[in-house]
Amino acid sequence: MLSFPCTLACSQTCSRILGLSLGTAALFAAGANMALLFPNWDVTYLLRGLIGRHAMLGTGLWGGGLMVLTAAVLISTGWRYGCFRKSGLCRSVFAGLLSSGLALFGALICFVTSGVALKDGPFCIFDVSSFNQTQAWKYGYPFEDLHSRNYLYDRSLWNSVCLEPSKAVFWHVAFFSTLLCVSLLQLLLVVVHVINSFLGLFCSLCEK
């Protein structure tokens, strides 16, 4: 059976690994959101204000990105102070839990936004004649009104509905799916960190 000092050392190592993992995930989230602001790596869409509302919210930048990265730094460095030191009560566990709350909030917002974005589909130019029998092109969300077919499962719609940007559906699905998966990973890491924090607190108190 592991002794308390050994378990405590494992908790310290786990905090460092969790912090590094959350930080890496935050950078991936920020990168995916940045890519969504530049469809096909073309800056003109952003300059003309032709970026979808989900990407413009930037939850991958400030939610799954900055907020989670800030929490990751606190988690990965907090093990050096207070909680895992032998002096005093484990006060930094509360700071660790606050860090978890910050990361949880940022990751959850990013997760929800990504899910809604995948449901609504990309923002692109499409021919509205297929919807109201009038020949016209406009920017919008064509898949919001396409209730009979789900574009996520019907790949034939990917190149036939959105006219511009080219490969708009692929770009949208690829990077919002990345954000969805990354934010889900962040949520799981936060749960592990909360468990690890309470384990560290328990071991610290038992050492007394």
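The values are calculated or read from the model by the stated rules, or taken from the named source; none is laboratory data. Note that the structure is predicted; figures quoted are calculated from it, not measured. Backbone-built Cβ (ideal geometry, glycine too); neighbour counts: all protein chains shown. When the accessible area is computed, the model is the full protein with side chains, heavy atoms only, and any ligands, DNA or RNA have been set aside. Shrake-Rupley method; radii C 1.70, N 1.55, O 1.52, S 1.80 Å.
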field: Selection from the stretch 178-208 of residues that are at pLDDT 95 or above and among the polar types (S, T, N, Q)
entry: 178, 183, 186
- line: Of 176, 198, 123, the only residue that is open to solvent by 50 Å² or more (accessible area, probe 1.4 Å), within 23 Å of the chain's Cα centre (by Cα) and among the aromatic types (Phe, Trp, Tyr) is 123
message: Give me the residue from the stretch 35-80 that is farther than 15 Å from residue 122 by Cβ, surrounded by fewer than 16 Cβ atoms within 10 Å (Cβ to Cβ) and without any contact (Cβ under 8 Å) to a residue 40 or more places away in the chain and, out of that set, nearest to the chain's Cα centre (by Cα).
response: 41
